[in-house]
Amino acid sequence: MRRESKNNKLTQEDITQYTRTFWKILIGAVLFVFLFLLSVRLGIFGKLPSFHDLENPNSNLASEIITEDNKVLGTYYVENRSNVKYSELSPYLVKALISTEDKRFYSHSGIDYWRTVTVVFHTLMNNKQGGSTITQQLALNLFAERRERNTLKRVMQKLQEWITAVRLERNYTKEEIIMMYFNTVDFGYKNTFGIKSGARTFFNTTPDKLTAEQAAVLVGMLKGPTIYSPVRNQENAVRRRNVVLMNMHKENFITREEYDAAKEKPLVLHLNITNHAEGLAPYFRSVLKDEIKKEFQKLSITKADGSPYDLDRDGLKIYTPINYKMQQYAEEAQKEWMQTLQREFDKQWKRRDAFTGNNAKLLQSGMKRSDRYREMKRNGASEEDIKKAFNTKVPMTLFSWKGSIDTMMTPMDSIKYNKLILRNSMMAMEPLTGHIKAWVGGINFEHYKYDQVKMGIRQVGSTAKPFTYAVAIDNGYSPCYTLPNHQQTYGNWTPRGTVQGGDPITLKNALKYSQNYATAYIINEVGASNVAALTKKMGITSNVPNYPSISLGAYEASVFDMVGAYSAFVNHGTWIEPTMILRIEDKNGTPIYERTPKVVKALNSESAYIMVDILKGVVDGGTGSRLRRKEYGGLTNPIGGKTGTTNDNSDAWFIGITPELVAGVWTGAEDRGISFNNMQYGQGAAAALPVYGLFMKKVYDDSTLNYSKGDFPKPPGGMTRVLDCSEYSKYDGYSTEPQLDDDRLGF
């Protein structure tokens, strides 16, 4: 026994050995952990963000299009995300986040060690809880593509989060970390990223205006965007909201009374789902994107590292002159009138086949332009197979003014349907600045994406006539000069028309009643080349040939160009390029582009004013007189304008001018071969003018827009010519020839 006991006693040598082994293991473990963490820090197990990355974290930021009244018109995005500053966050958001996700946020340095130990304990007890601090979650949001599922990989990722979180805490203040966190969260619904997008999508508000219960809903979603979605799972969302509210109360962020009141409130959503096709001005936004790309490329505007800007990812702020209310009014005016006009168009074609004779080719061309045809061709389908497919019913969605229609229809029948839908476009701009205030490029961007303001060109008809008259006025002709107003042949050209206002007729009345014969006579006198030159000088970028028929509008132009050209009349003969962009800033607010529009003195100031006076006559008793009727706006203030109608009523135009606003409207079908068969609804005064009238009435009824109803100002220096034709009887009366020696008559 004694021997056994003696053998069991530890010698001093044994104790020393055990002590050495213990310290070796401990030091080795510490060294291993140190080397392991160092390896993680050095990126051996996966790249960690550099100092530059921490200073400039990557995130897919949506670029915002901002109106002149500082509203977001729309966004370009891969992820619909826009940043906010800490000062733009509701206090309830911050309180909800801290009380629910990280109670000791202000006391730790990125890692809450006590919470980590607690989480390990709960995990061992098979009761999983989240252990990541807000800073760790931010690290994951910023620098990891996803949360790893594999346990080993997740452990490695967690270590990377810890290191990155500590570094974030060293580089940013607590407020900046909260701000960045809210800017990176994913709400898992309809491409909604970041708190600004979340507030807009679910409550149609901004983050600073969120109430306690709204903030609790959004913060509650972060635990599970689908499980706690207020759209898909309202009961879960309310339950989770109330948990967040209780957390806020426990942390003394809200009182018991506030908690009791908030948790009893129903879940009220104001969904405002954003996509590229929805919202105001989708055509403008689409064209604007292409314009910005062209400008950046032309001017070699790049980021600091030389790479090109990405409008969908780089969070640019694009400031435009569009006015939010005016854009709404323009779209409302279009919808209001075009529904009425479409009903009349449908009545006309209800019992007639629009696709006979020459129009039969429209179906084939429409088929070959379709995405379906091109896709089948790429896949090697024969013409017979394609024809069969186009005559087989398939599910599809069609446009109607009452909303989209889901139906079964053959692709060929859908082509017929869409070709019988009237299209319309409109643009309004301020003539003195070139600032575009409203842009409606079509009737529905989801179904018809082709922009008819700038991209599309159509025959302009009689809206071209003022350019011919302007050349005459600028070359000494008086508005009271009398012209022959009957059919004549000029070389190989014999224009068609009707006589209204008499024969002969004054130059002023010839435009007032849009007389073809008198207009043809004028261009024969002043020269087609001179008219073409002035037309181009006034901003028409499409082809304008040196033919006499251009006086009657035998060429094509865009609404964009025509509105810009008419603005030169109002702006004392100075053409200013229509402006879509004011300036662009990067995500940090640094200006990277500012628009300087082109300016051209196209016409003598006095001649321009005389043209304005003549165009006023078009509205006061001429072809544009419907504007004075109540059903077309009932406008009583000084307004000028010009109607335009092309052969067979294929294109209907109206361009209206006031001292502060010029707007142009075009209406027609997709193909010129399909149109109204009568002037009652097909002429410019009926198919285009009403949209302008309804728009302007809305503009004038809104006193916040501050558009006056005053008259057009006279040119600097006043007038030297007489505009009142009744004054001429005191002198030589009306003349059939210019009398260049009489200054009083303006010759």
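The values are calculated or read from the model by the stated rules, or taken from the named source; none is laboratory data. What you see is a predicted model, and the numbers here were worked out from it, not measured in a lab. Glycine also receives a Cβ, built like all others from the backbone with ideal geometry; neighbour counts cover every protein chain displayed.
Among the conditions (1) under 21 Å from L689 (Cβ atoms); (2) in the same structural domain as Y566 (by TED's automatic domain parsing), the only one that K465 does not satisfy is (2). Just one of (1) touching a strand residue (DSSP E or B) at 6+ places or on another chain (Cβ under 8 Å); (2) hydroxyl-bearing (S, T, Y); (3) within 21 Å of V559 (Cα to Cα) fails for S286. It is (1).
Taken as a whole, the condition of being in contact with a Lys or Arg (Cβ under 9 Å, 6 or more places away or on another chain) and under 23 Å from G641 (Cα atoms) applies to S558. Scanning the stretch 180-211 for residues that are at negative phi and polar (S, T, N, Q) yields N183, T184, T192, S197, T201, T205, T206, T211.
Taken over the stretch 698-747, residues that are of a type outside the set (F, W, Y), crowded, with 18+ Cβ neighbours inside 10 Å and at pLDDT 95 or above amount to 2. Of all the residues in the stretch 594-606, those that are surrounded by 19 or more Cβ atoms within 10 Å (Cβ to Cβ) and either assigned to a helix (DSSP H, G or I) or of a type outside the set (A, V, I, L, M, F, W, C) (or both) number 1. Among residues of the stretch 521-534 that are in contact (Cβ under 8 Å) with a residue 60 or more places away in the chain and under 18 Å from L603 (Cα atoms), those with a beta-carbon under 6 Å from a residue that is assigned to a helix (DSSP H, G or I) and of a type in the set (V, I, T) at least six positions away or on a different chain give the pairs V531/T468; V531/V471; V531/I523; L534/V471. Just so you know, in the stretch 102-119 the residues that are at pLDDT below 90, of a type in the set (S, T, Y) and farther than 16 Å from E161 by Cα include one that is farthest from the chain's Cα centre (by Cα), and it is T118. On the stretch given as the stretch 370-396, residues that are within 19 Å of Y450 (Cα to Cα) and surrounded by fewer than 12 Cβ atoms within 10 Å (Cβ to Cβ) total 2. Test M427 against the stated conditions and say whether it is touching a Phe, Trp or Tyr at 6+ places or on another chain (Cβ under 7 Å) and under 22 Å from F695 (Cα atoms). Yes; evaluated as a whole, the condition is true for this residue.
Where helices (runs of 4 or more DSSP H) sit wholly within the stretch 153-265, those with at least 2 residues that are touching a residue at least 24 places away in the same chain (Cβ under 8 Å) and among the β-branched types (V, I, T) occupy 174-184, 194-203, 212-221, 234-250. Counting the residues of the stretch 294-312 that are in contact with a Lys or Arg (Cβ under 9 Å, 6 or more places away or on another chain) and either loosely packed, with under 10 Cβ neighbours inside 10 Å or outside the structural domain of I592 (by TED's automatic domain parsing) (or both) gives 0.
Matching residues to (1) touching a Gly at 6+ places or on another chain (Cβ under 8 Å); (2) outside the structural domain of V231 (by TED's automatic domain parsing); (3) surrounded by fewer than 21 Cβ atoms within 10 Å (Cβ to Cβ):
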position	(1), (2), (3)
N171	no, no, yes
K174	no, no, yes
F182	yes, no, no
G188	no, no, yes
F193	no, no, no
K196	no, no, no
F203	no, no, no
K209	no, no, yes
A212	no, no, no
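Could you grab me the full set of residues in the stretch 59-95 that are under 17 Å from D186 (Cβ atoms) and part of a helix (DSSP H, G or I)?
L93
Of all residues in the stretch 505-553, those satisfying the criterion of being outside any helix (DSSP H, G or I), small (G, A, S) and over 13 Å from I457 (Cβ atoms) are S514, G527, G539. Just wondering, is there one or more residues in the stretch 626-634 that are surrounded by 20 or more Cβ atoms within 10 Å (Cβ to Cβ) and in a strand (DSSP E or B)? Looking through the stretch 626-634, none of the residues is surrounded by 20 or more Cβ atoms within 10 Å (Cβ to Cβ) and in a strand (DSSP E or B).
Can you work out which of the residues in the stretch 294-327 that are assigned to a strand (DSSP E or B) and of a type in the set (V, I, T) is modelled with the lowest pLDDT? For the stretch 294-327, the residue satisfying everything is T302. Tell me, yes or no, whether the stretch 469-485 has at least one residue that is touching a strand residue (DSSP E or B) at 6+ places or on another chain (Cβ under 9 Å), surrounded by fewer than 17 Cβ atoms within 10 Å (Cβ to Cβ), within 21 Å of A685 (Cβ to Cβ) and not assigned by TED's automatic domain parsing to the domain that holds G641. No - not one qualifying residue is present in the stretch 469-485.
Kindly indicate whether K512 is modelled with pLDDT of 95 or more and either surrounded by fewer than 20 Cβ atoms within 10 Å (Cβ to Cβ) or outside the structural domain of Y469 (by TED's automatic domain parsing) (or both).
No.
Out of the strands (runs of 3 or more DSSP E) lying entirely within the stretch 394-451, which hold 2 or more residues that are without any contact (Cβ under 8 Å) to a residue 24 or more places away in the chain? Talk me through it step by step, then tell me what you get.
Numbers: elements: 394-398, 405-409, 423-429, 436-440.
The strands (runs of 3 or more DSSP E) meeting that bar are 394-398, 405-409.
Per the conditions (1) among the β-branched types (V, I, T); (2) more than 30 Å from G718 (Cα to Cα); (3) out of contact with any Asp or Glu (no Cβ under 6 Å at 6 or more places or on another chain), the sole criterion not satisfied by V612 is (2).
Count of the stretch 580-616 residues, restricted to those that are within 23 Å of K512 (Cα to Cα) and aromatic (F, W, Y), is 1.
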